[in-house]
Amino acid sequence: MGRALALITTIIKKDLVSELRAKESVVTMVTFSVLILVLFSMAFEPSRETVREILPGLIWMSLIFSGILGLNRTYARERFNDCLIGILSSPIAPYHIYIGKAASSLVQLFIVEIITFPLYFVFYDLEIDGSLGILLLTMLLGSVGFILVGTFLAALTSSLRSKEALLPVILFPLLVPVLLASIEATSAIFAGLTLNQYLPWLKLILVYDLVFLVVPLLLFDYLMEVD
Amino acid sequence: MIEGINLSKTYGNRNVLRDISLMIPKGEFTAVLGPNGAGKSTLLKILALISKPDSGEVKIGKQSFVNLKGELKRKIGILSHSSFLYPELTAYENLRFYGRLYDVRHLEEQIISVIKKVGLLLALNEPVYTFSRGMLQRLSIARALIHSPEVIFLDEPFTGLDQQGISLLQDVLKDLKSSQKTILMVTHSFEQGMEDIDRILIINKGQIAADFPTENLQSGDLKRIYFEKVAS
């Protein structure tokens, strides 16, 4: 267990240091997210009630779209100089790579969330009637689900020629449950509903997270086979 | 010792390897020659445990890779024409990364030892994207040796090297051979790195077309045998 954790940490550190130096993913993701929220604030009148209704969807969609930009880069770094073969030739299990990649992508998505989320208060005059703590928990669980399935599918498409176009096409249908549940839970928290009223959505996200933690662990060996 | 038993591999309808068996004793330096598409690199990837054969078995020492894949990989080092290095990281960070994957003991001392061996001590903290092709390949040698492997696989290691790089790689190969490492090198070249070769395998159309020791081989014999076997 200690050795597995050390290997996963090694992958995470390497990815984050590489990203810190290259500034490829996070900068693009933040810019894209900010652009979306600014453009939508110009397209709609922020004080309107309809904006309040669509805001949870807008927040999650902008996160997902910007997250996909980052996911497309996750394995591109490993394909350059055949680094993935270098890693796979070492005594590391493919699931170490999967968890390490997912964790480093999650950290990058959190950075985007930390930077962009406060901007919704500025641009949309956002007020939260429910618990901020539960909202953050919802953001965390929803982001974990998205990154787990996204990291798995990014590995699947990473060796394909049209990977940038293909990843969203195969990712979105699989994201429907977690996206729907996250939007519904976020709406309920914004509206100040009681926890019991949106607890089923949180449970759905949690189950989704568990499924997409376990399934890729079982299948990642096959994805990482080198021809 | 490396042993491949009845190895076969197919891509689509193409049989890249057809029931190949070979045994390379400990300390032997073997070169694998063959035309493009003969199956040389596929054979190397299978023997190096990074690709699975459709059928057959690989043994390193007396251990089969089926149950001991992770443990066996510790014994293997791979040097390819691709560097396996991350451009944004420094030479030191790349070596530390791979050293940690192999769980190398006394990693700091080992990094200094291998980086000195390839003459890049002064560039230790430089990012890899600033390296020339020659420096990259030298660092790649250090990466392949960071965990002191018993078996070394070389896939076209001289590709793109300048004269200084070629000379350094030849010195490293001599050094590895003298320390009884088992080496298997896939190459196109009839000259580079061939001085210390003990044995030559010629692969053609996924099969071993010739397998012979280099002792008593006269100048020009290798080219003659190669073209005879490849043409047939």
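The values are calculated or read from the model by the stated rules, or taken from the named source; none is laboratory data. The shown structure was predicted, so the numbers you read here are calculated from the model rather than taken from an experiment. Cβ sites come from the backbone with ideal geometry, for glycine too, and all protein chains shown count toward neighbours.
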Being modelled with pLDDT under 90, closer than 28 Å to residue B:25 by Cβ and in a helix (DSSP H, G or I) is true for just one of B:229, B:177. Which residue is that? B:229
Determine whether the stretch A:103-111 contains at least one residue that is modelled with pLDDT under 90 and either buried (at least 18 other Cβ atoms within 10 Å of the Cβ) or of a type in the set (Val, Ile, Thr) (or both). no
What's the total number of residues in the stretch B:168-211 that are among the hydrophobic types (A, V, I, L, M, F, W, C) and farther than 23 Å from residue B:150 by Cα? 6
Looking only at the stretch B:87-126, and only at residues there that are outside any helix (DSSP H, G or I) and of a type in the set (Ser, Thr, Tyr), the one that is nearest to residue B:45 (Cα to Cα): B:102
What residue, of A:102, A:93, A:76, is closer than 18 Å to residue A:222 by Cα and more than 11 Å from every other protein chain (Cβ to nearest Cβ)? A:102
From B:184, B:169, B:161, B:201, residue being surrounded by 21 or more Cβ atoms within 10 Å (Cβ to Cβ) and more than 26 Å from residue B:16 (Cα to Cα): B:169
Output for the stretch A:123-138, where each listed residue is touching a residue at least 12 places away in the same chain (Cβ under 8 Å), over 22 Å from residue A:44 (Cβ atoms) and not hydroxyl-bearing (Ser, Thr, Tyr): A:130, A:134, A:137
Return only the number of the condition from (1) surrounded by fewer than 23 Cβ atoms within 10 Å (Cβ to Cβ); (2) part of a loop (DSSP other than H, G, I, E, B) that residue B:129 does not satisfy. (2)
For the stretch B:10-86, which fully contained strands (runs of 3 or more DSSP E) count at least 1 residues that are more than 14 Å from chain A (Cβ to nearest Cβ), touching a His at 6+ places or on another chain (Cβ under 9 Å) and within 25 Å of residue B:133 (Cα to Cα)? B:29-33
Helices (runs of 4 or more DSSP H) within the stretch A:63-150 that include 1 or more residues over 25 Å from residue B:140 (Cα atoms): A:94-124
Which residues, taken from the stretch B:101-123, are more than 14 Å from chain A (Cβ to nearest Cβ), in contact (Cβ under 8 Å) with a residue 24 or more places away in the chain and farther than 11 Å from residue B:138 by Cβ? B:110, B:111
Which numbered condition in (1) within 28 Å of residue A:164 (Cα to Cα); (2) in contact (Cβ under 8 Å) with a residue 60 or more places away in the chain; (3) touching a Ser or Thr at 6+ places or on another chain (Cβ under 9 Å) is the only one that residue A:10 fails? (3)
Whichever residue in the stretch B:180-226 is more than 22 Å from residue B:3 (Cβ to Cβ) and basic (Lys, Arg) and, among such residues, is modelled with the lowest pLDDT: B:223
For the stretch A:41-98, name all the residues that are touching a residue at least 60 places away in the same chain (Cβ under 8 Å) and acidic (Asp, Glu). A:53, A:78
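Each row is one residue, and each column tells you yes or no for (1) part of a helix (DSSP H, G or I); (2) touching a residue at least 60 places away in the same chain (Cβ under 8 Å); (3) closer than 22 Å to residue A:215 by Cα; (4) among the hydrophobic types (A, V, I, L, M, F, W, C).
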residue	(1), (2), (3), (4)
A:165	yes, no, no, yes
A:170	yes, no, yes, yes
A:173	yes, no, yes, no
A:181	yes, no, yes, yes
A:185	yes, no, no, yes
A:190	yes, yes, no, yes
A:198	yes, no, no, no
